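The values are calculated or read from the model by the stated rules, or taken from the named source; none is laboratory data. Just so it is clear, the structure is predicted and the values come from calculations on it, not from any experiment. Virtual Cβ from ideal backbone geometry, glycine too; neighbours counted across all protein chains shown. Accessible surface is based on the protein model in full, side chains and every heavy atom, while ligands, DNA and RNA are left aside. Shrake-Rupley method; radii C 1.70, N 1.55, O 1.52, S 1.80 Å.
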Amino acid sequence: MNKLFKLKEHNVTFKSELTAGLTSFFAAVYIIIVNSSILSDAGMPMEGLIVATVLSSLIGTWLLSFMSNTPLVIMPGMGINALFTYTIIKSMGLSFSEGLAAVVIAGIIFSIVAFTKLSTIISDAIPQSLKEAITVGIGLFITFIGLQKSGLVVASETTLVSLGNLASPSIIAFFIILIITLYLFVKDVPGAFLISIIVGTLICFGFGLIDVSGLSFGSANLSSYKELFLNVSFSKISTSSFWIATFSLALVLIFENIGLIHGQVGMLNAEEKFKPALKATALSTIFCGLLGTSPSVSTVEGIAGIAAGGKTGLSSFITGLLFLLSLLFIPFIKIIPNAAIAPILIILGALMIKNIEHINFNDFSEGFPAFLIITLIPLTYSIVDGIAFGFIAYPLVKLFSKKRNEISIPMYLVSLLFLVYFILHSINI
């Protein structure tokens, strides 16, 4: 283990990486259920989709573990699964198997970018202010998700969002868990997030917020996975709808992952691991299509493992192994309450927002596009849409400020791609 993952070189131990791997698993495991639920709206069996999500998460995370030696986590992306289900399948009319074919081709396009100089060209073309803004915007997005999971922020017909019922048992439990999590984190207790998830689940059980009736091992119906595995159809490869779906997926995957991975390796102070991590993520997308699920991303929940002290691929290897073992514990995983996850997401958001100090807001041509990214990622509930607005605004504001020499040719092309992306969405594609 020491030789394979260079534990001594990274100044970590097996125990600390185990703790980080467990923390990442518990922080991200809800995605197995949520992703399967969203994809089931396309008419596929829920339990078969759970298997597809688990296997794609296992392979993606292990690819990343061995190729980049980072503690990141690759899982089917939240948001892009909605694009796959509600736009590509339900609106554009592709069947589920035809949609999976689009995922495979999008993964190949993504891999071409990741394995060539294109990834470096694109990454270098993105101004540092926008890279930092993406990290900050994702931090606010994570915080917003955490606040929603806690029930502290709820939907409102008049103001869109409002304060939840502070007297409800779930919010009271959340505040108790938040205080415990903050104490453990500030005191730098090893495995703070993992401990808080376990203790938080017990607290919620004590409040009567968890239903444990009918729990049993290995209750998932794995036979339903047969109709998803290698169920890829290229029958519509000659149609415009297929290629619009494919390029939409590729565009989202490339830029969302560039933003996510940049922020995550930045937290590790290991920028040299950016490209191998991107390559692993690109390859995982191809496997997603073959295994029967929507594309994967370097999930933001994996940051929990980094915050818990994870520094090497051993952490992600352990997380991947736990994904596989989770097939035996799906009913138990389902009972982990949102109130136990929410405090971790909020703290992670606070850690990521510190990158805002690297953005020069005194220069409006740098600050305004960054501001759009920071605000619109959480407010549109979409990482890629928030990025798109900032990237389109950047060359415009630079041109208006007579700073044309600060815009690279690739940046013009990237902005144009995002403009095309919005045009396709505006005509209901």
What accessible area per residue comes out for the chain, rounded to a whole number of Å², with a 1.4 Å probe? 41 Å²
With charges set only on the Cβ (+1 for Lys and Arg, -1 for Asp and Glu), what does the dipole of the chain come to about its Cα centre, in debye to the nearest 20? 620 debye
Chain lengthening between Asn269 and Ala167 when straightened (0.36 nm per residue, less Cα-Cα): 32.5 nm
Given charges of +1 on the Cβ of Lys and Arg and -1 on the Cβ of Asp and Glu, with all other atoms neutral, how large is the dipole of the stretch 1-110 about its Cα centre, in debye to the nearest 20? 400 debye
Placing each pseudo-label 7 Å from Cα in the direction of the beta carbon, Leu18 and Thr158 end up separated by a distance in nanometres of 5.5 nm
Built amide H within the under 5 Å cut-off of Met75, gap 5+: Val297, Thr299
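Tally Lys/Arg at +1 and Asp/Glu at -1 over every other residue whose Cβ is under 14 Å from the Cβ of Ile377; what's the total?
-2
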Cβ charges +1 (Lys, Arg) and -1 (Asp, Glu), total dipole of the stretch 330-421, debye: 80 debye
For the chain, averaging the sequence separation of alpha carbon pairs under 8 Å that lie six or more residues apart and dividing by its residue count, the contact order in percent is 35 percent
Fully extended contour minus Cα-Cα distance, from Ile237 to Leu4, at 0.36 nm per residue: 79.7 nm
Under the classification rounded if a/c is under 1.5, otherwise prolate if a/b is larger than b/c and oblate if not, where does the stretch 350-427 fall, given a ≥ b ≥ c as square roots of the Cα gyration tensor eigenvalues? oblate
For the chain, the longest site-free run once GluC sites (Glu not before Pro) in DSSP loop states with at most 15 other Cβ atoms within 10 Å are removed: 158-429
Result row for the chain, helices from DSSP H with C-alpha axial extent 30 Å or more and mean Kyte hydropathy at least 1.0, is 46-68, 240-267
Between Val189 and Asn11, what is the label-point separation in nm under the 7 Å Cα-to-beta-carbon projection? 2.5 nm
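Starting from the Cα gyration tensor of the stretch 1-114, take the square roots of the eigenvalues, sort them a ≥ b ≥ c, and report rounded, prolate or oblate (rounded when a/c is under 1.5, otherwise prolate if a/b is larger than b/c, else oblate).
Taking the square roots of the gyration eigenvalues as a ≥ b ≥ c, the stretch 1-114 is prolate.
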Using the Cα gyration tensor of the stretch 203-346, with a ≥ b ≥ c the square roots of its eigenvalues, what is the shape: rounded (a/c below 1.5), prolate (a/b larger than b/c) or oblate (neither)? oblate
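Please give me the summed charge of the neighbours of Phe66: other residues whose Cβ is under 14 Å from its Cβ, Lys and Arg +1, Asp and Glu -1.
Details: positive: Lys3, Lys6, Lys273, Lys279; negative: none.
Charge balance near Phe66 sits at +4.
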Checked against the positive end of the charge dipole of the chain (+1 on Cβ of Lys and Arg, -1 on Cβ of Asp and Glu, about the Cα centre), the farthest of Ile359, Pro45, Leu83 is Ile359
Alpha-carbon centroids, the stretch 147-181 and the stretch 359-429: separation in whole Å: 33 Å
According to a simple spin-label model (label point 7 Å from Cα along Cα-to-Cβ), what is the distance in nm between Phe207 and Ser408? 4.8 nm
Signed unit charges on C-beta, dipole axis of the chain, positive-most listed residue Pro343, Ser123, Ile176: Ser123
Kindly flag which residue pairs out of Lys226/Lys275; Lys3/Lys275; Lys311/Lys354; Lys131/Lys273; Lys15/Lys117 have an alpha-carbon separation exceeding 26 Å in this structure. Lys226/Lys275; Lys15/Lys117
